[in-house]
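Enquirer: One structure is given below, represented as structure tokens, and several questions about it will come after.
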Amino acid sequence: MGTIDFSSIDWHPAVALPDIYDVIDLTGKIENVRMSEFSVGKYDEDRDGYDTELFSSGRRVHIGLDIGGPVGTAITSVADGVVAFSGYNAADGDYGHTVIVHHEVGGEDLWILYGHLDAASTEYCTAGRKVKSGETIAWFGDESENGGWPPHLHFQLSLVEPHTHDLPGVVHPDDRERALADFPDPRLVLGPLY
């Protein structure tokens, strides 16, 4: 696996954020957090409060970046790429609908997972479909279809090729170092959101 020069691309924003948004601390009990209209939840954050069966093994380190906003908020591709996977992760507390886009950056492979999407998003983005930088590829889903979460985008980079429409977005603390190497900080693409 090579090293990606993230500065070699002029990345497009995944979500058109307003000039002012909240950067939220989700290290406490997740159910006690109230998000404003737009917000950002951090990468590599130890979130003690996941309470569904999906997290019963002690997984709690968040390996993506969350952008909160209203249901139906448009999500755009951050660069030219090809849809690798789309599908539905049905477990309570999981991603719900996801799209994973494959990008080549200076000859290196990068996959980006967009999670917690509107159901129509996965119908529109089928595997093999080419997407352009700045093209709307998905929308924020509501709680009934996004795994049971307040509407937001889980945005995650992967240097490891996925084999389905899923990536581990939350890992056990014992797996943190490996996960940080495999799933780099999304701010390398999204910029300094916090």
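The values are calculated or read from the model by the stated rules, or taken from the named source; none is laboratory data. Since we're looking at a predicted model, the values are computed, not measured. All Cβ positions, even for glycine, are placed from backbone atoms using ideal geometry, and neighbour counts span all protein chains on display.
Enquirer: Scan the range 112-128 and give yes if some residue there is in contact with a Ser or Thr (Cβ under 7 Å, 6 or more places away or on another chain) and of a type in the set (Val, Ile, Thr), otherwise no.
Expert: Within the range 112-128, one or more residues are in contact with a Ser or Thr (Cβ under 7 Å, 6 or more places away or on another chain) and of a type in the set (Val, Ile, Thr).
Enquirer: Filter the range 161-174 for residues that are touching a residue at least 40 places away in the same chain (Cβ under 8 Å) and either of a type in the set (A, V, I, L, M) or not in a loop (DSSP other than H, G, I, E, B) (or both); which is farthest from Glu104 (Cα to Cα)?
Expert: Going through the qualifying residues, I end up with Pro173.
Enquirer: Which numbered condition in (1) surrounded by 15 or more Cβ atoms within 10 Å (Cβ to Cβ); (2) touching a residue at least 40 places away in the same chain (Cβ under 8 Å); (3) over 18 Å from Thr73 (Cβ atoms) is the only one that Cys125 fails?
Expert: (3)
Enquirer: Residue by residue through the range 131-144, note down the ones that are part of a loop (DSSP other than H, G, I, E, B) and either modelled with pLDDT of 90 or more or within 12 Å of the chain's Cα centre (by Cα) (or both).
Expert: Lys132, Ser133, Gly134, Glu135, Gly141, Asp142
Enquirer: What are the residues in the range 145-168 that are closer than 20 Å to Trp11 by Cβ and within 12 Å of the chain's Cα centre (by Cα), if any?
Expert: Of everything in the range 145-168, those that are closer than 20 Å to Trp11 by Cβ and within 12 Å of the chain's Cα centre (by Cα) turn out to be His152, Leu153, His154, Phe155, Gln156, Leu157, Ser158, Leu167.
Enquirer: Right, something else. Looking only at the range 90-112, count how many residues are modelled with pLDDT of 95 or more, surrounded by fewer than 24 Cβ atoms within 10 Å (Cβ to Cβ) and hydrophobic (A, V, I, L, M, F, W, C).
Expert: Qualifying residue count for the region: 4.
Enquirer: If Gly147 passes every condition in (1) assigned to a loop (DSSP other than H, G, I, E, B); (2) of a type in the set (Gly, Ala, Ser); (3) modelled with pLDDT under 95; (4) exposed (fewer than 15 other Cβ atoms within 10 Å of the Cβ) but one, which one does it miss?
Expert: Status for Gly147: all satisfied but (4).
Enquirer: Going through the range 108-142 one residue at a time, which ones are farther than 25 Å from Gly93 by Cβ and of a type in the set (D, E, K, R)?
Expert: If the condition is that a residue be farther than 25 Å from Gly93 by Cβ and of a type in the set (D, E, K, R), then Glu108, Asp109, Arg129, Lys130, Lys132, Glu135 are the ones that fit.
Enquirer: Pick from Ser8, Ser39: which is more than 18 Å from Pro150 (Cβ to Cβ), at pLDDT 70 or above and small (Gly, Ala, Ser)?
Expert: Ser8
Enquirer: Please go through the range 63-89 and give me each residue that is assigned to a loop (DSSP other than H, G, I, E, B), among the hydrophobic types (A, V, I, L, M, F, W, C) and either buried (at least 23 other Cβ atoms within 10 Å of the Cβ) or out of contact with any Phe, Trp or Tyr (no Cβ under 9 Å at 6 or more places or on another chain) (or both), ordered by number.
Expert: Residues satisfying the conditions are Ile63, Val78.
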